[in-house]
Structure formats: C-alpha cells, structure tokens
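This report refers to the structure that appears directly beneath it.
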Amino acid sequence: MIQTKSVYQLNDFEFRNIVATHPIKSSVCVANGLNDRSVIDEINKKQITAVIQNSLFPLEEKLRLLKKLNVLNIYNTDISLIGGQIKSTKFNTKSDREEVLDELFDEAHVDLTKVKNNDIFSVSQELMMNAQIDAPTLAIQMLQKESQIIFEKNDLHNLFAISVIDNFGSLVPKTMLSQMKFVFEMGFAGGMSQKKEGAGLGSSLIFNACDTMLIAVKPNLKTRVSVILPYQIPQKKIEQIQKSVIILGE
C-alpha cells in the first residue's frame, strides 16, 4: 500500500545507494513510500523487527542509530538518539504528570506556547501514563518502581525525542502494534466506542504524531519506548512524514 508521494520519499537511485552502503539484518525492512498502516502491517505479517524509512529524521541517520543501538545498552539514559541536548527526570506511579512535565520542559528550554506542533506535550503525557498505569497493571510483580522520562532536543534538525524507561518490562511490542492496527481499521472514534482496556488508542496517538518509534523490552525487567517527533516545522510537512518503527530485544 503506497501513499501519495511524500516530500521525504527518495528517488530510486538515492534509495538504492543508501541501502547498498548500509548492510542490514534480514529482520530489518528498509522501505520507501509506505503509509502508516502499511508500516504496522509489514512488521506484523513478515515477522520483522523494524521498518525504516527516510523522513525528517533521515534514513542514513536512522540506520546509523540502529547500528549503534545494537551494541550499546539501550536502557542507558545518556544515549543520544538525535544528537541533541538531553534532560531527564524520575517519576513514579503517584507523580503528578503535568507537574513533572512542566518542570522538565522548563529545564529543556521549551516554551509550549511557542511550539508550532503541540503534540509534544500530549505524547509525553501518554508515555508517562503507560509507565504509571498500564505497565504496573500488566507486570507480574506489583511493586512501586521509579521510571524515567528523557527529553532530547535538536533545534538544528527540527527534531525532539521523548523516551520513557520503566522497570516493569511488561510491554509486548507485537501486541501493542496489533492494537494500533485495530484502531487504524476502526478509526479513532470506533476505538473509543469499544471502551476496553488495551484498545491501543494512546499508542496510536503517539504513533500518529511521530517520525520514528523505538521499542525495547527486557521481559519483566525493563521497557524503553522512545519517539522522535518533528519540532517547529509546518503542519504540511508533518503530514507527509514517512514513519519508522524499530523493536529491540525480541
């Protein structure tokens, strides 16, 4: 399934040249022109762990990042995803989300009243909610554990990365993607009408806003979900972003 040509879609020569110079594993699909739903379908149907496309966050940079993450500890809070300034803070299941986020945005020098695409705040809230509510509910051991939220901002390349690391390790990536597919098929209104836990609405909202989603899981130990978002660019370009999904630790 191919979408209307995006400004980020590479021509055949550029695409083949990048693929040829970056050896990849058979579990990784380097694509060009897939729409959002097709990205999810590729992972679910073909049993691969990543679909990577060129976008605001360039294809070559994503392939370099994937290579780096294959040898580094993805749960290290100091890992740079987009070559920007990193700020982080801890929270637990009882932390006030707005209070935590207001302080962290202030520390990262982000004035949300001046940000063109305000998905940054809603995505941050959804990621925190997953760690505060969903992860403990699904975990084998219902313990009070601290999680961490990390901001990384790259003004030069108009990118903003948000990561949440929890110490539950209860997320099942393929299940989450299947729930997101359900929302795409039903539509957000249809998903809301189901009113059932785990409907994938929050994850779908996150995916809808992002350029790249990265998921890493150590079952029953740790989960990291990172999303790389467009930052301070026109809505018209945001709508043309070709999305990527990377799953680590499977």
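The values are calculated or read from the model by the stated rules, or taken from the named source; none is laboratory data. Given the structure is predicted, the values throughout are model-derived calculations rather than measurements. As a convention, Cβ positions derive from the backbone with ideal geometry for all residues, glycine included, and neighbour counts pool all protein chains shown.
For ASN35, state whether it is over 14 Å from GLN242 (Cα atoms), polar (S, T, N, Q) and surrounded by fewer than 19 Cβ atoms within 10 Å (Cβ to Cβ). In short, no. The set of residues from segment 79-95 being modelled with pLDDT of 95 or more and charged (D, E, K, R) comprises LYS87, LYS90. The residues in segment 39-81 that are among the aromatic types (Phe, Trp, Tyr) and crowded, with 22+ Cβ neighbours inside 10 Å can be counted, and the count is 1.
If you check ILE140, ILE120, ILE133, ILE162 for being modelled with pLDDT of 95 or more and of a type outside the set (Gly, Ala, Ser), only one passes: ILE162.
Within segment 94-115, the set of residues being touching a strand residue (DSSP E or B) at 6+ places or on another chain (Cβ under 9 Å), exposed (fewer than 15 other Cβ atoms within 10 Å of the Cβ) and on the phi < 0 side of the Ramachandran plot comprises GLU103, GLU107. The residues of segment 149-186 that are among the basic types (Lys, Arg) and closer than 23 Å to ARG37 by Cα, listed by number, are LYS174, LYS181. Looking only at residues of segment 142-182 that are in contact (Cβ under 8 Å) with a residue 40 or more places away in the chain and part of a helix (DSSP H, G or I), we find that the one that is surrounded by the most Cβ atoms within 10 Å (Cβ to Cβ) is MET180.
When restricted to residues that are part of a loop (DSSP other than H, G, I, E, B), in contact with a Phe, Trp or Tyr (Cβ under 6 Å, 6 or more places away or on another chain) and farther than 14 Å from VAL7 by Cα, segment 217-250 contains 1.
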